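First up is the structure itself, then whatever we jot down about it.
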Amino acid sequence: MIRRQFAALLLLFALLVPTIALAQQPQQPQLDPNDPIAKIRDEGMNRSQVMQTLSYLSDVIGPRLTASPNMMRACEWTRDTMAKWGLQNAHLEPWGPFGRGWTLKRFSAQVTDPQDFPLISYPKAWSPGTNGPITADVVYFDAKDEADMARFKGQLKGKIVLTQPLREVKAHFETQGTRLDEKRLLALANAPMPRPQARGGFGGGNRNADLLAQLQFTAKKNQFFLDEGAALLVDSSRGDGGTIFVQSATVPQPFNPNAFGPPQPNAPRRINPWDKDAKMVPQMVVATEHYNRIVRMIQAGEKVKMEVNLAVEFQDKDLNGYNTIAEIPGSDPTLKDEIVMLGGHMDSWHSGTGATDNGAGVAVAMEAVRIIQTLGLKPKRTIRVGLWTGEEEGLLGSRAYVTQHFGKMETPAAAGTRGGGEGATATPPAPVLVKGPEYDKLAGYFNLDNGTGKIRGVYLQGNDAVAPIFRQWLLAFQDRPNETTWQAQTLSLSNTGGTDHLSFDAIGLPGFQFIQDDIEYDTRTHHSNMDVFDRIQADDMKQAATIMAAFVYNTAMRDEKLPKKNK
């Protein structure tokens with residue numbers, strides 16, 4: 001009898017515990033289904049087109065090197081697609097001039113002696129071609145300094161030159177794909193206010209002196225290869241396991257110790273590989289494991305030959321770059337002339353299809369405006385999307401756009417002096433803002449350019465005034481603790497660099513980049529041959545587009561523009 005009663009109590013307890021636990025669990029926020037943010041969430045997560053957009057951009061159009069035919073095709077396709085969705089004033093806006101376009105037409109590379117094996121490899125962008133297949137001896141250039149180069153004098157003409165030392169390849173004991181964990185998010189949330197950036201170049205110290213010496217040696221080495229008549233230069237990829245990270249070809253030019261500091265008067269003009277007057281040796285990158293094998297074969301006394309066929313085409317009829325611009329017009333009689341912007345860069349490197357860098361950001365920005373347009377929402381301010389080109393070459397498209405529309409920082413011609421009398425040093429004048437026609441109209445700019453990972457929050461760029469605003473907006477995406485769809489709540493005062501929000505931030509406008517999960521961005525896809533559609537995470541893309549749409553819409557509906565940060 002006691003056992004039966006005890007069993008009955010256990011059964012009753014088992015039935016009640018889930019009910020009690022459910023009652024104690026925080027409930028999902030109940031958004032009014034007529035709330036525009038609820039509608040954005042529903043459209044973005046249940047009827048998304050972000051993956052279709054990205055597939056066409058990356059799979060069908062493919063790699064989009066700045067000024068290339070594929071880049072122009074992408075500009076025209078994104079313009080026409082957004083016009084088809086109902087956005088207005090969809091157009092291409094020129095910037096530049098930039099320089100030559102470049103297209104890879106044909107490429108193959110293999111070792112032919114002392115045995116045959118194909119190479120995992122890729123040419124560098126803007127590299128000249130080889131004018132048909134070439135077969136040549138391979139030389140391992142292992143000079144340690146300028147004096148050591150002398151032993152290669154007269155030895156490189158018509159040769160294929162390995163330019164870098166062996167690199168040890170270690171096993172990966174940690175996953176290449178990661179998400180931001182609580183520890184890293186907490187560190188971002190607790191980041192202090194960024195310090196103002198110092199003006200100047202390298203500064204002092206032995207480390208900087210060593211770096212300058214290495215850069216000077218590299219400059220002389222590149223000129224040596226050209227002067228000696230090398231047929232082809234081969235670098236080792238920084239990746240492994242068949243992943244090749246490859247960007248643009250190197251142009252020999254005089255060493256400039258102030259290249260990384262502020263502009264210097266009468267400094268030599270830097271020659272870029274896309275310039276018409278660039279003179280360089282054909283160049284390619286080989287997978288580290290294959291590169292190391294060839295080096296070890298040479299060190300073992302083997303006479304190695306390679307056969308390479310590199311055919312390229314330069315385009316120089318139109319030297320401009322172009323951004324794609326489109327708008328959802330504002331509806332408020334007072335605020336419609338003000339602007340909320342969003343975007344990402346459309347140009348990519350050439351060995352992959354530019355899916356994670358930055359087709360993802362482009363597709364998310366396009367999807368965000370599609371969501372708002374499809375729902376028939378009427379933002380008070382005009383929403384303007386900008387899809388930039390030339391980002392990979394130095395934020396060129398967005399910088400030119402910001403200069404034309406919003407303003408720029410200019411350094412006054414006259415400079416004062418520090419101290420007085422003989423030997424006084426000139427004081428570099430502080431740059432001043434010269435406003436453009438739309439400077440006071442911009443309410444904010446939002447950018448996405450860190451791969452396929454979902455949004456986890458926002459880098460505030462030191463703008464603490466926007467923190468309470470963004471925190472309130474993120475509440476609409478705080479669901480149950482075990483819900484993994486959103487997980488976006490981190491606000492960091494940190495600056496983050498390397499992409500187009502910096503063009504806005506540089507002149508004091510509120511420009512922001514979203515915090516994203518890493519996934520495989522730095523380890524596998526960024527600037528590599530693995531930057532392809534299959535590395536994209538569909539659910540993350542939907543989440544990112546939905547949150548971007550909400551942020552853009554909320555900014556367009558505020559009574560006031562987003563606050564600028566304190567100087």
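The values are calculated or read from the model by the stated rules, or taken from the named source; none is laboratory data. What you see is a predicted model; the values in this text were computed from it and never measured. Cβ sites come from the backbone with ideal geometry, for glycine too, and all protein chains shown count toward neighbours.
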- Message: Please determine whether any residue of region 430-446 is farther than 22 Å from LEU186 by Cα, assigned to a loop (DSSP other than H, G, I, E, B), at pLDDT 95 or above and not small (Gly, Ala, Ser).
- Response: yes
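Look through ARG73, ARG64, ARG79, ARG100 and report the one residue that is among the basic types (Lys, Arg), surrounded by fewer than 17 Cβ atoms within 10 Å (Cβ to Cβ) and within 22 Å of LYS317 (Cβ to Cβ). Working first, answer last.
Working: ARG64 fails: surrounded by fewer than 17 Cβ atoms within 10 Å (Cβ to Cβ); ARG79 fails: surrounded by fewer than 17 Cβ atoms within 10 Å (Cβ to Cβ); ARG100 fails: surrounded by fewer than 17 Cβ atoms within 10 Å (Cβ to Cβ).
The conditions single out ARG73.
For every residue, the table says whether it meets (1) surrounded by fewer than 17 Cβ atoms within 10 Å (Cβ to Cβ); (2) touching a helix residue (DSSP H, G or I) at 6+ places or on another chain (Cβ under 9 Å); (3) free of Cβ contacts under 8 Å to residues at least 12 places away in the same chain.
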position	(1), (2), (3)
LEU119	no, yes, no
PRO133	yes, no, no
TYR140	no, yes, no
PHE152	no, yes, no
ILE160	no, no, no
- Note on the structure: Scanning region 474-496 for residues that are of a type in the set (S, T, N, Q) and either assigned to a loop (DSSP other than H, G, I, E, B) or in contact with a Lys or Arg (Cβ under 6 Å, 6 or more places away or on another chain) (or both) gives GLN478, ASN482, THR484, THR485, GLN487, GLN489, THR490, SER494, ASN495, THR496
- Of the residues that sit in region 49-92 and are more than 13 Å from ASN358 (Cα to Cα) and of a type in the set (Gly, Ala, Ser), which one is farthest from the chain's Cα centre (by Cα)? GLY86
- Task: Scan region 169-185 and give yes if some residue there is in a helix (DSSP H, G or I) and in the same structural domain as GLY229 (by TED's automatic domain parsing), otherwise no.
- Result: no
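Determine whether THR499 is more than 18 Å from ILE339 (Cα to Cα) and either part of a loop (DSSP other than H, G, I, E, B) or modelled with pLDDT of 95 or more (or both).
Yes: the conditions hold for THR499.
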- Item | Yes/no for GLY361 being within 20 Å of TRP102 (Cα to Cα) and either modelled with pLDDT of 95 or more or not aliphatic (A, V, I, L, M) (or both) | no
- Query: Can you pull out the residues in region 447-473 that are of a type in the set (Val, Ile, Thr) and either part of a loop (DSSP other than H, G, I, E, B) or over 20 Å from VAL340 (Cα atoms) (or both)?
  - Reply: THR452
- Query: Just for region 431-485: of the residues that are free of Cβ contacts under 8 Å to residues at least 40 places away in the same chain and in contact with a Pro (Cβ under 9 Å, 6 or more places away or on another chain), which one is surrounded by the fewest Cβ atoms within 10 Å (Cβ to Cβ)?
  - Reply: VAL432
- Item | Residue within region 336-358 that is farther than 20 Å from ALA400 by Cα, surrounded by fewer than 20 Cβ atoms within 10 Å (Cβ to Cβ) and at pLDDT below 95 present | no
- Query: Any residue in region 335-342 that is under 26 Å from LYS276 (Cα atoms) and outside the structural domain of LEU162 (by TED's automatic domain parsing)?
  - Reply: no
- Query: Of the residues LEU87, LEU92, which is in contact (Cβ under 8 Å) with a residue 60 or more places away in the chain, crowded, with 19+ Cβ neighbours inside 10 Å and either among the charged types (D, E, K, R) or within 30 Å of SER55 (Cβ to Cβ) (or both)?
  - Reply: LEU87
- Residue by residue through region 93-151, note down the ones that are part of a loop (DSSP other than H, G, I, E, B), more than 31 Å from the chain's Cα centre (by Cα) and of a type in the set (D, E, K, R). ASP116, ASP142, LYS144, ASP145, GLU146
- Message: Among the residues in region 325-332, are any touching a Pro at 6+ places or on another chain (Cβ under 9 Å), within 25 Å of LYS105 (Cα to Cα) and among the polar types (S, T, N, Q)?
- Response: no
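Which residue is surrounded by the fewest Cβ atoms within 10 Å (Cβ to Cβ), if the candidates are limited to region 275-307 and must be hydrophobic (A, V, I, L, M, F, W, C) and within 31 Å of the chain's Cα centre (by Cα)?
ALA278
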- What are the residues in region 168-188 that are closer than 30 Å to TYR291 by Cα and in contact with a strand residue (DSSP E or B) (Cβ under 6 Å, 6 or more places away or on another chain), if any? GLY177
- Message: So, THR353, is that one closer than 30 Å to LYS561 by Cα and outside any helix (DSSP H, G or I) or not?
- Response: no
- Query: Across region 188-240, what is the total count of residues that are modelled with pLDDT of 95 or more, part of a helix (DSSP H, G or I) and of a type in the set (Val, Ile, Thr)?
  - Reply: 0
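Would you point out which residue out of THR178, THR243, THR250 is modelled with pLDDT of 95 or more, of a type outside the set (A, V, I, L, M) and farther than 30 Å from VAL138 by Cα?
THR178
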